[in-house]
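Some notes on the structure that comes next.
Read-outs throughout are calculated quantities, based only on the coordinates presented, and are distinct from any laboratory measurement. Not measured: the values here are computed from a predicted model. For neighbour counting, all protein chains shown are included, and Cβ atoms are generated from backbone atoms with ideal geometry for every residue, glycine included.
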Amino acid sequence: MTDGSHESRDQVPSRQRRRFPGISSRAYEHPADRSALVALRKLSGFDTVFKALSGLLPERSLRLLFLSDSVRVSDAQFSHLNDMLRDACYILDLEKVPPMYVSQNPQPNAMCIGLDEPIIVVTTGLVELLDEEEMRAVVGHEVGHALSGHAVYRTILLFLTNLALKVAWIPLGNVAIMAIVTALREWFRKSELSADRAGLLVGQDLRASMRGLMKIAGGNHLHEMNVDAFLAQADEYEKAGDLRDSVLKILNVLPRSHPFTTVRAAELKKWSETRDHQRIMDGHYPRRDEDKDTSVTDAFKESASHYADSVRSSKDPLMKLVGDIAGGAGDLGGKLRDKFTGAGGGSSSSSKGAGAAGGDATDGSQGPRRPEDPEGPSGPGAAGN
């Protein structure tokens, strides 16, 4: 199938899917991801300077490496992936189709890297694991990274972080660096949620997106797994345990560049049911030619509002405690003691508010906690699957 063949393009099954001409990545970006990107895009010339310094980064070496030691997707090689790639770019109206490579690696993974021009890499482990519709969502995920500019900004910020690490000998330097790294990883995790949404817009099959995430977590044993049960794990993970478990969750996720897989599935399902998603599917979405007029202040307000709503609606014991404190609930000491110990409110002389908090902790402690899976590989500057 040639790029210029209109007839051949029409024969691709997903041409029947809805297309989003001129769509801005702001349409699907998570509020925390969007606010950071809007701010960076307003810094005129910021990325241009660092693109000029791309010789200091391993990007050229990576391009040569994939060209020499991987298989480039084309009409002649992995043609079904090539169809998916061009189709994803067609649906999201990405004018230039990024090069795509298949790399021999049994670990299921995908990434979008590059400063000057993004390239997409998928491993053989992922290609062999997923069916066509599941893979279509993954390709859409990576095209979403490219459209958002995640690869550019991630590479720039990782470069700045690596540069800052060289001066970490300065007193308190490590503390400052860890604060930067922690903030970057939080953004990275939110950008993965953004790309999951892009994958859904491309595949337009929520169950396929769910299956793909489930297989990444549990392998190619679909007959042994159930999407609803998998989503129930995310709910159990969020609300299980007392304040000690909440702290452990934070410690577990801090070193990761990706959210946990069950959490990604739950977040994607939640977004698929929102009015925002429905409006996009109806053809009402922010346009790329309006990006220059976006307000940094409004984007940060939206991000702050999202986090506030997340705290209010969260079932996690720590988030519920934060919500109580923000709401002016009394006896902070009693709440902290009861949350950490999992105690109820009956044996303490603490206030009614503390007793209620103790009751919440007891309610949330049912069910065993599942050890978290180790994080998959990700390369420097990679916007991975």
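Taking amide H positions as placed in the peptide plane 1.01 Å from N, state which residues far from ARG287 in sequence (5 or more) or on other chains have amide H under 5 Å from it.
For ARG287, the qualifying residues are SER24.
Using θ = phi - 60° and the Karplus relation 6.51 cos²θ - 1.76 cosθ + 1.60, list the HN-Hα couplings for the stretch 90-97 in order, rounded to whole Hz, with x at every Gly or Pro.
Couplings: 5, 5, 8, 6, 8, 5, 9, 6 Hz.
Hey, can you grab everything whose amide H is under 5 Å from the amide H of MET100? Only 5+ residues off in sequence or another chain; H modelled, so Pro and N-termini drop out.
VAL73, ILE120
Within 10 Å of each residue's Cβ, count the other Cβ atoms and sort ASP87, ASP205, ASP235 from fewest upward.
In order of increasing Cβ crowding within 10 Å: ASP235, ASP205, ASP87.
Fewest first, what order do HIS223, HIS150, HIS258 take by the number of other Cβ atoms within 10 Å?
Final ranking by Cβ density, sparse to dense: HIS223, HIS258, HIS150.
Fewest first, what order do VAL121, VAL102 take by the number of other Cβ atoms within 10 Å?
VAL102, VAL121
Pairs LYS96/LYS292; LYS96/LYS270; LYS96/LYS190; LYS269/LYS292: which exceed 28 Å Cα-Cα? Walk me through the intermediate numbers first.
Values: LYS96/LYS292 20 Å; LYS96/LYS270 31 Å; LYS96/LYS190 25 Å; LYS269/LYS292 30 Å.
Over 28 Å apart, Cα to Cα: LYS96/LYS270; LYS269/LYS292.
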